[in-house]
Amino acid sequence: MSIDNASRDVGAASVRRSASALSGVTGLGWAWWVTGLLLLAMGAYFVRHEGWPANVVFTMALTGVLISILILATRRVLFATSVVAAAVAVIVIAATIKYSYMGMVLHAYDVAFYLFSRDTLWYLWIDFRAELITLVVVMVVLAVGGYLLYRTDPTRMTRRVSGSLLAVLLLVSVAADYLRGQRPHTLFYWDALFVSSFYSSWSETLVTLWRGQMIEASASDGSVRPFIEPTSCPVSRRPPHIILIHQESVVPPSIFPSINYDRSIDPLFRSGDGKVHLLRTETFGGASWLTEFSVLAGVSTYSFGGMRTFVQSMLQGKVHDSVTQSLVRCGYKNVMFYPVPKHFVSSGKFYASIGFDEINDYAAQKSKRYNERDRFYYKNALDRLDVHLTKSKGPLFSYILTSATHLPYTSPHSPEENVPGGRPGTEPQMHEYLRRLSLARIDLEWFRAELKRRFPNERFLIVQYGDHQPVVTRPHLGFGADVESQNVIMEPESKGFLTYYAAEGINFEVPQLPTVEVLDVPYLGTLMLQLAGLPLSPAQEERMRLLARCGGRYYMCPHSGEILAFHRRLIDSGLLVAR
């Protein structure tokens, strides 16, 4: 071989090595560019859609934690980033679809609730077949694409670096979680923070899965006997019509001595016995659906832990011991007058599942605003009762939810009405709230008079309750007037959870009310059935025994083991499906 030929061979080999190296560098550079673009896209989405700064940082940091975990396991940066980016995209799409149908965004428990249950899978197949097939196809495509990317990803990161990155991002996510504060009770309903809300729901989901059911209950060891649910309702005469009035944000101002107000408001809160009876609710300033659930289902929302915000949406078709189902058994027709659209927090589907024949919501009542004066809802109920009595001799249960006393209190409701409010010197928003209590009193008195005038031969049991305190009581509880209601953190027995309940009869004598100092809200629905003279089921009789045994307390009953055993009996009887 000549020297020239040898030189040419060496030169060619050098060129090939350089080309190969350049190709490798070019491929590696492209992979890092794609990784950066994916991170930038997710970051831009979080900034735009995940709310306030602390929440955005929390979402970014936790997303980074997930990526770091995958890098630590595989050392492949592009693969890890792509997998998490795909997961974020699936979360956003699934949350959007769920919200459009159910008014609630994606929760981590949905993974177990929908995908690991034969019944719910069948429900998805029947009603959402196209979406379910699309989801399966997408997951298969992502799995295949992920496998191919894993095999070809040229990016690498040492485990020492990825481990350090994981530790830093974990600390940032914990700090941001602390700074963003307690999550709003509306987070999963209309805040549309799709990714951060999904992340936030994992802790309560894991607790629920570990516990084995959504509600706290004693162990299933055969030591408790299931309830036998009756199939009939023996009554000697036609029972009274029942009217249950949910007084929105209403609390007797008399429980706060520092509120100086016109005492003509006080009759609103008195029962037929002339007394004010205190009720302990489980929410403050909002989340009325929690009180509605406890009244109708007869259990505490506290017993659901972190899942309590979702009791109505998660328990559709799973409550079989409700007040309304008992009333159906006793021949009642159940109608509701709801001041907002019935898809609000998925309430309509829940109410239909527990025996409401009609849900007259915002649209059905032809409302012009969400806080019509109480008389508007009362008139609709009177007209519906009139129609009912022309067609049926059976009793009617009317559940009326008012709304005039709902916030905001920055402008007068019904300004043409000159009604009492706060005494001179009262803070303006408190004054307006007290004005609305006067309107509520006037309208309730009008409603009573109309019942007597239009239906002189009918018997009525009227029960009313305050669903929670209004935000204007914050300063009287030791909080600043600008503190958001979800940040008003109180113990379950705090004064901030006290409202009232009242019962009276028209052409009907109401039995004596319990003598307990405060009645917890889960007892109210069963108490209403007892006051109406209806036979109680074994489960309801046990609930009334617990009322006496616990002195009116439920979640904070000193004999908590008996409450947990009661829950176990409900579950084992099939009266409460808590999975």
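What is the log10 of I(q)/I(0) for the range 241-572, computed with the Debye formula using one identical point scatterer on each Cα and no solvent, at q = 0.07, 0.09, 0.11 Å⁻¹?
Normalising to I(0) and taking log10 leaves -0.26, -0.44, -0.68.
Between the alpha-carbon centers of the range 289-337 and the range 232-254, tell me the distance in whole angstrom.
A separation of 15 Å, based on Cα centres.
Calculate how large, on average over all directions, the projected area of the Cα convex hull of the range 211-291 is; give the answer in nm² to one decimal.
10.9 nm²
Number of Lys pairs in the chain with C-alpha atoms less than 23 angstrom apart, excluding same-chain neighbours closer than eight positions?
26
What ³J(HN,Hα) values, in whole Hz, does the Karplus curve 6.51 cos²θ - 1.76 cosθ + 1.60 give for the range 234-248 when θ = phi - 60°, with x put for Gly and Pro?
Karplus values, whole Hz, x for Gly and Pro: x, 10, 7, 8, 4, x, x, 5, 10, 10, 10, 10, 8, 8, 5.
Let me check the size of the range 162-268 from its C-alpha atoms; what are the radius of gyration and Dmax in Å?
For the range 162-268, the Cα radius of gyration and maximum Cα-Cα distance read 25.0, 76 Å.
What are the membrane-span-like helices in the chain by this rule: whole DSSP H runs, Cα extent along the axis at least 27 Å, mean Kyte-Doolittle hydropathy at least 1.6?
Qualifying helices, which must be both long enough and hydrophobic enough, are 53-74, 77-102.
What are the extents of the Cα atoms of the chain along their three principal axes, listed from largest to smallest and rounded to whole Å?
That works out to 125, 59, 46 Å along the principal axes.
Please report, largest first and rounded to whole Å, the three semi-axes of the ellipsoid equivalent to the range 434-579, where each semi-axis is the square root of five times an eigenvalue of the C-alpha gyration tensor.
Taking √(5λ) for each Cα gyration eigenvalue gives 29, 27, 13 Å.
Using the scaling law 2.2 N^0.38 Å as the reference, what is the normalised Cα Rg of the range 352-485?
Rg over 2.2 N^0.38 Å, computed on Cα atoms: 1.24.
Where Rh is the Kirkwood radius over the Cα pairs of the range 255-316, the temperature 4 °C and the viscosity 1.567 mPa s, what D in µm²/s does Stokes-Einstein return?
91 µm²/s
What is the distance in Å between the Cα centres of the range 431-466 and the range 501-534?
Comparing the Cα centres of the range 431-466 and the range 501-534, I get a distance of 17 Å.
To one decimal place, what Kirkwood hydrodynamic radius in Å is obtained for the range 383-431 from all pairs of distinct Cα atoms?
14.6 Å
Bear in mind that the values in this text are calculations on the coordinates, not laboratory data. None of these values were measured; they are calculated from a predicted model.
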